[in-house]
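This report concerns only the one structure given below.
The values are calculated or read from the model by the stated rules, or taken from the named source; none is laboratory data. Here the structure is a predicted model, which means the values were calculated and not measured. In this analysis, Cβ positions are derived from the backbone assuming ideal geometry, glycine residues included, and neighbour counts consider all displayed protein chains. Remember, those area values only see protein heavy atoms, side chains included, never the ligands or the DNA or RNA. Shrake-Rupley method; radii C 1.70, N 1.55, O 1.52, S 1.80 Å.
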Amino acid sequence: MSTSLRKTWLLHPWTVAFLAAATGLAGVGYFIWSFSEDFGPCQIVEEQSIASPDGMNRIVVFGRACNATVAFNTQLSISPAAGRFTLETSPPFFVAVNRGPIRAVWLSNDRVEVDLPDEASVRRREPRVGDITIEYK
């Protein structure tokens with residue numbers, strides 16, 4: 001076999017390195033993809049819905065369940081009473097983790113009271129949602 005023909009079968013060291021890296025990345029990608037179902041997107045778990053006195057709005061008490069990746073949490077949103085609750089249209093005005101029971105009540109159509117236990121670790125605490133005032137005690 002001639003020397004020039006033999007060289008065509010040899011791979012350059014950079015080509016070998018590139019192929020090894022590409023194979024490694026493909027393996028890591030497959031590994032992550034194969035386990036992604038176990039660590040998928042969070043689920044919204046609605047615990048309670050509390051209608052306003054006029055029935056136009058509601059307080060939605062919910063938590064995010066993300067397997068073991070997110071601490072036990074409680075979140076509150078104000079959502080229109082009609083239609084489906086979504087985070088895109090009704091983001092939370094209150095978020096607490098590792099908490100005890102949290103009580104929310106409508107004082108009027110434009111005032112909500114949220115009663116917090118001492119052990120609540122509050123992450124978000126908005127004073128207003130649109131025209132609705134939120135009072136914390």
Between Cys42 and Glu119, 0.36 nm times their residue separation minus their Cα-Cα distance comes to what? 25.3 nm
Summed over the other residues with a beta carbon less than 12 angstrom from that of Ser52, with K and R at +1 and D and E at -1, the charge totals -1
With all protein chains in place and a 1.4 Å probe, Asp110 shows an accessible area in Å² (nearest 10) of 80 Å²
Amide H of Arg58 versus every other amide H placed in the peptide plane: which residues, excluding those fewer than 5 positions away on the same chain, fall under 5 Å? Ser52, Ser79, Ala81
Checking rank on 121-128, 58-65, with mean other Cβ inside 10 Å and highest first, the result is 58-65, 121-128
How much net charge surrounds Thr133 when only the other residues with a Cβ under 9 Å from the Cβ of Thr133 are counted, with Lys and Arg +1 and Asp and Glu -1? -1
Cleavage-rule hits (GluC sites (Glu not before Pro)) in region 62-137: DSSP loop, at most 14 neighbouring Cβ within 10 angstrom: Glu88, Glu119
